[in-house]
Amino acid sequence: MRYISTRGHAAPQAFCDILLGGLAPDGGLYLPESYPQISRAELDAWRQLSYADLAYEILAKFITDIPPADLKALVAKTYTAAVYCHARNGGDARQITPLTRLEDGLYTQELSNGPTLAFKDMAMQLLGNLFEYVLEKRGESINILGATSGDTGSAAEYAMRGKHNVKVFMLSPDGKMSAFQRAQMYSLQDDNIFNIAVTGLFDDAQDIVKAVSNDAEFKKKYKIGAVNSINWARVAAQIVYYFQGYFLATQSNDEQVSFAVPSGNFGNICAGHIARQMGLPIKQLVLATNENDVLDEFFRTGIYRPRSAAETSITSSPSMDISKASNFERFVFDLVGRDPAAVSELWAKVDKGLAFDLSESVHWAKIARFGFVSGKSTHLDRINTIRFAQGRYQVMLDTHTADGLKVALEHRLPNVPMIVLETAQPAKFEETIREALGTEPVRPADLAGIENLPQRVEVMAPDVEAIKRYLVARL
């Protein structure tokens, strides 16, 4: 399996090479040269597998430059009930991502049972083990530069803390995350973890990461790598739980399901798109945004209009407070027939802060074949949906999953199970849970009082050169 850039000016690479690199040298994102196609016989065989064995079967199709026995061991080490031990709602931790039945044909899929209570753990724990393995084999080290809107940072830091040959520099928007999210990151005292709070929004932090990644000389000299969802390995790992959710919600592989996905950076739902392209029987991919509805606007109108920082709302589902969705480029690459020249032309506009409009193009006529529908959810919607789920189903939702359920309910189809991806646990957003329900969400015992721990963070302006100097001084 080789990987190509969405912008067409990078030589095809093997998995382990792009694992350490992040962005392609031409500024594009890596994707497989073609998506592996899953046969009916494989689907039938996979239905009975454990999560770890299913993950191995899927990932082996994308990772062909790690010996099979080594890959199987890495996956088995990652996906254990001991790592994903925070199962809620009576879920079986051995399933890793169990379903919670709300009513006939409506489920949530628990993706937040890992160490940081967010779905990012599903991929990041694997990424940490892959990084350590590949760096050890090559006798190399890496310095990870990432940006987080709330959950990626803690998931990356918990996955990489104490790893040999790895340092992590994580940018986050100063004061824009929940107190719990900040504490999860800033309380880590490991010598290889560095937190930088940027006086701006997530998009400012993400722009810095991209700017550094696009400085090929700096990136090479200081061995800069990425763990944001621009890293293909993140997306590949997330494909697995779509298959697992499908198997848990159906009796046979003749059935279809729909998935509803809260979406900010388009990484989570991009994995669903790829699972569907591989042949998983997904009827609809229901994309849910919050007030920052750039992606909902595109799927309704064909216009992709990134917003400025001034136009980006600070909301009670902060991990989705994003107005430039990095992974969206991967989907558009497929939408325009995998034409890198077309993608380069479109992102030349995006990189200047401009919009593009595909509504009159030949490509837009093909949009329906990809199965996307969308909707948005506001703060009042979140509050009402949290109350509704608690009252009707006795299930407590976090704010992002509430956005997903609200939009899912608008797009249910007869006789097609709807699975809402749970992206975080309510404990991460206590203030909004109190507002909605007048009660405190249950917090795992091992995370009690985390806000009271000493915190270590550097507050900096969103200045690319200053961030570079900070990194160099600590390498």
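Side notes on the structure shown:
- Test: residue in the range 241-251 that is more than 24 Å from E132 (Cα to Cα) and either in a loop (DSSP other than H, G, I, E, B) or among the acidic types (D, E) (or both): yes
Residues checked against (1) of a type in the set (D, E); (2) more than 26 Å from E435 (Cβ to Cβ); (3) modelled with pLDDT of 95 or more; (4) in a loop (DSSP other than H, G, I, E, B):
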residue: K283; (1), (2), (3), (4): no, yes, yes, no
residue: F299; (1), (2), (3), (4): no, yes, yes, no
residue: T315; (1), (2), (3), (4): no, no, no, yes
residue: F331; (1), (2), (3), (4): no, yes, yes, no
residue: R338; (1), (2), (3), (4): no, yes, yes, yes
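- Looking only at the range 73-104, residues that are part of a strand (DSSP E or B) and over 20 Å from the mean Cα position of the chain (by Cα) come to 4 in all.
Conditions tested, residue by residue: (1) closer than 24 Å to F131 by Cβ; (2) touching a residue at least 60 places away in the same chain (Cβ under 8 Å); (3) buried (at least 21 other Cβ atoms within 10 Å of the Cβ).
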| residue | (1), (2), (3) |
| --- | --- |
| Y222 | yes, yes, no |
| N228 | yes, yes, yes |
| V235 | yes, yes, yes |
| Q238 | yes, yes, yes |
| V257 | no, yes, yes |
| A260 | no, yes, yes |
| N268 | yes, yes, yes |
| L280 | no, yes, yes |
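- Figure legend. Inter-residue proximity from the range 32-43: first residues more than 27 Å from C16 (Cβ to Cβ), second residues of a type in the set (S, T, N, Q) and in a loop (DSSP other than H, G, I, E, B), beta-carbon distance below 9 Å, spacing 6+ or different chains. Indicated pairs: R40/N253; L43/N253.
- Among the candidates Y246, Y186, the residue that is under 19 Å from P454 (Cα atoms) and either out of contact with any Lys or Arg (no Cβ under 8 Å at 6 or more places or on another chain) or buried (at least 23 other Cβ atoms within 10 Å of the Cβ) (or both) is uniquely Y186.
- The sole residue among A461, A466, A427, A445 that is surrounded by 17 or more Cβ atoms within 10 Å (Cβ to Cβ) and small (G, A, S) is A427.
- Hey, H379 modelled with pLDDT of 95 or more, surrounded by 15 or more Cβ atoms within 10 Å (Cβ to Cβ), within 22 Å of V257 (Cα to Cα) and not small (G, A, S) or not: no
- Residues (part of a loop (DSSP other than H, G, I, E, B), farther than 21 Å from M185 by Cβ and touching a residue at least 60 places away in the same chain (Cβ under 8 Å)) located in the range 397-441: L397, H411, R412, L413, N415, V416, P417
- Flag for T401 being crowded, with 24+ Cβ neighbours inside 10 Å, of a type in the set (V, I, T) and touching a Pro at 6+ places or on another chain (Cβ under 6 Å): no
- Single match in V362, V350 (criterion: within 27 Å of T312 (Cβ to Cβ) and hydrophobic (A, V, I, L, M, F, W, C)): V350
The values are calculated or read from the model by the stated rules, or taken from the named source; none is laboratory data. Note that the structure is predicted; figures quoted are calculated from it, not measured. For neighbour counting, all protein chains shown are included, and Cβ atoms are generated from backbone atoms with ideal geometry for every residue, glycine included.
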